[in-house]
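Read-outs throughout are calculated quantities, based only on the coordinates presented, and are distinct from any laboratory measurement. For clarity, every value in this text was computed on a predicted model and none was experimentally measured. Neighbour counts run over all protein chains shown; Cβ positions are idealised from the backbone, glycine included.
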Amino acid sequence: MGNEGSFWRTMLPSRRRRDVPEPSPSDGHHVVVIGAGFAGLSLAQTLGSTPFRVTLVDRRNYHLFQPLLYQVATAVLTPGEIAEPVRRIMKRHPNVHVLLGELDGIDPQRREVRIDGDILPYDTLVLATGATHSYFGHPEWEPFAPGLKTLEDARQIRAKVLLAFERAEREPDPAERERLMTFAVIGGGPTGVEMAGAIAGLARQSLARDFRTIDPAAARILLIEAAPRILGPFPEDLSAYAERALQHLGVTILTGRPVEAIDENGITLGGERIATATVIWAAGVAASPVGAMLGVGTDRAGRVRVGPDLSVPGLDGVYVLGDLALAHDEKGRPLPGLAQVAHQEGIYLGKALKARILRGEAPAPFRFRSRGNLAVIGRNEAVVHWETFKLKGFAAWLVWGIAHVYLLVGFQNRLLVSLRWLWSYLTHQYGSRIIDEDTFRRCPGPTKTSVAFRASQVGGRRDRAKGHQGQGSVPDPFRPAERSRHGEQGEV
Ligand SMILES: Cc1cc2nc3c(=O)[nH]c(=O)nc-3n(C[C@H](O)[C@H](O)[C@H](O)COP(=O)(O)OP(=O)(O)OC[C@H]3O[C@@H](n4cnc5c(N)ncnc54)[C@H](O)[C@@H]3O)c2cc1C
């Protein structure tokens with residue numbers, strides 16, 4: 001343990017080596033799994049209560065059910081209802097050691113990983129760190145068009161959407177009010193469709209009677225897709241059905257028009273400018289940067305190519321699963337980035353390691369069994385496609401709901417989500433309309449609005465033609481210049 005390898009010396013020149021305590025017993029084969037998402041968790045559960053020593057590492061202390069993130073972003077569910085602590089999930093498996101930490105280095109020659117700078121040796125290493133957003137070479141769009149991957153993203157989008165309505169309520173300028181009440185979702189895949197449908201539900205049902213100046217039901221919701229139709233992986237008739245159902249909800253669908261620019265005031269599509277204060281990115285994903293740490297090369301999306309047993313060719317004892325892996329089906333087609341693929345890969349690898357290491361048998365190659373594609377559009381509306389079977393409307397919506405409750409981790413979350421859905425269904429009310437204070441502070445309201453609003457309240461002149469440039473004509477008792485006349489210092 002004492003001799004430092006050259007890899008760590010170059011990566012950590014001034015840091016003394018610190019070893020992560022390993023689970024006992026010390027003689028079992030040590031499997032280190034990085035990432036407690038769908039793939040890592042199902043692998044750790046399959047290896048639970050076996051002679052393996054398993055260390056499951058994640059930078060978050062919870063497993064996140066990403067397929068329902070859009071419901072947190074649109075105030076239907078609370079964050080805790082789709083997240084389950086990893087320790088609680090693993091508590092029945094004494095051979096699984098859960099560590100909160102971030103992988104920041106791999107030395108496949110020495111069979112060691114580095115977690116927040118500490119060294120952890122392994123016999124088998126499994127990387128399952130998922131994916132992140134991709135802005136197709138335009139990282140400058142990210143601040144104006146948040147994507148949906150984490151709970152923080154969902155909370156930020158929820159705050160942005162709710163804040164837009166709050167600001168519109170105070171906004172005297174009709175053009176600015178229209179901009180605030182225009183919501184653009186970029187990407188017509190299942191996540192984009194779900195987001196657009198859910199924002200329409202929020203505006204037209206949950207918020208409909210809560211404002212006095214604006215009519216939330218008049219909000220303009222745009223779903224923008226570069227391809228000729230939405231829901232590309234679904235058959236054409238289901239995609240056309242989803243389009244009609246969204247239009248019925250009041251969503252405007254713009255297909256065949258790639259986004260050319262995004263900034264704080266709006267977006268540009270095919271040369272046309274659309275003013276909007278809320279843009280949500282549901283268009284592109286790239287694999288987690290962890291794949292690049294292996295030094296074996298990745299595809300353009302950052303995925304690591306794996307063999308039929310999900311091992312990385314040329315690296316003994318290293319496997320990659322889930323969204324980070326470029327795995328193929330029997331016909332050589334790349335497997336999609338889906339929870340069901342990641343989940344099945346984790347179970348497969350658990351069984352394969354048991355066969356190979358405990359029984360000395362050669363495992364069969366991984367075979368993905370599709371459980372079908374599902375996308376929900378809104379209340380009573382969804383589409384389901386499985387091989388030649390197609391379903392749409394209320395029946396599909398029921399299948400979608402039952403499948404998602406069943407797949408949620410933890411009995412408590414299943415119960416809470418079922419009850420909340422029932423409540424929302426019966427009352428048309430969404431239960432989690434909270435604007436987090438930190439997000440509110442990060443997006444302070446425009447001075448223009450508050451000055452013009454106050455002016456209208458005290459009978460001062462509201463210069464609509466000049467907009468905010470006209471604010472000089474309105475005395476603002478809160479501005480430092482005015483306050484200094486009363487001998488006050490600083491800003492509130
Ligand atoms: C909004 C949204 C909706 C979706 N809807 C569906 C759907 O309806 N159906 C479907 O099948 N799929 C859906 N997906 C895709 C599905 O969620 C993914 O395919 C699946 O989560 C991939 O599983 P994974 O285990 O590879 O990665 P993840 O589930 O993303 O887990 C990766 C884990 O690795 C951890 N991690 C990352 N980097 C590090 C590091 N350096 N150190 C330590 N830990 C790290 C993360 O914290 C995370 O817990 C959706 C995805 C999103 C974002």
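What whole-number distance in Å separates the alpha-carbon centres of segment 25-55 and segment 309-387? Here the answer is 17 Å between Cα centres.
Among 125-134, 175-184, how do they line up by average Cβ neighbours within 10 Å per residue, starting with the highest?
Working: 125-134: 24.1, 175-184: 21.2.
Going from most to least packed, we get 125-134, 175-184.
Any idea what the dipole of segment 133-259 comes to, in debye rounded to 20, about its Cα centre with Lys/Arg Cβ at +1 and Asp/Glu Cβ at -1? All intermediate terms of the calculation are to be shown ahead of the outcome.
Values: 15 positive and 17 negative charges, 47 e Å.
For this selection, approximately 220 debye.
Over 28 Å apart at the Cα level, from the set K351/K392; K91/K354; K91/K149; K91/K351; K331/K351, are K351/K392.
Among V290, V161, the order by Cβ neighbours within 10 angstrom, fewest to most, reads V290, V161. Relative contact order, whole percent, for segment 153-247 stands at 28, derived from Cα pairs under 8 Å and 6 or more residues apart.
When you have a sec, figure out the Kirkwood radius of segment 155-292 from all distinct Cα pair distances and drop it here in Å to one decimal?
Numbers: mean 1/r = 0.0640 Å⁻¹.
Across segment 155-292, the inverse of the average 1/r is 15.6 Å.
Taking the Cα centre of segment 259-391 as origin, work out the dipole magnitude from +1 charges on Lys and Arg Cβ and -1 charges on Asp and Glu Cβ, in debye rounded to 20. Dipole of segment 259-391, to the nearest 20 debye: 620 debye.
Only Lys, Arg, Asp and Glu carry charge here, each on its Cβ (+1 for the first two, -1 for the last two); on that basis segment 180-324 has a dipole of about 340 debye about its Cα centre. Ranking G147, I214, T182 by Cα position along the charge dipole of segment 119-235, where only Lys, Arg, Asp and Glu carry charges on their C-beta atoms, puts I214 farthest toward the positive end. Among F136, Y122, H93, whose Cα projects farthest towards the positive end of the dipole of segment 58-181, with charges put on the beta-carbon of Lys, Arg (+1) and Asp, Glu (-1)? The residue sitting farthest along the positive end of the dipole is H93.
Given segment 54-201, what whole percent of its Cα pairs are spread farther than 17 Å? Cα-Cα pairs in segment 54-201 separated by more than 17 Å: 71 percent. Between segment 115-132 and segment 245-268, the alpha-carbon centres lie 39 Å apart. Once the C-beta distance of K331 and S418 is scaled by a Förster radius of 45 Å, the resulting FRET efficiency is 0.70 to the nearest 0.05. A protection proxy built from the mean count of other Cβ atoms within 10 Å ranks the segments 320-329, 276-285, most packed first, as 320-329, 276-285.
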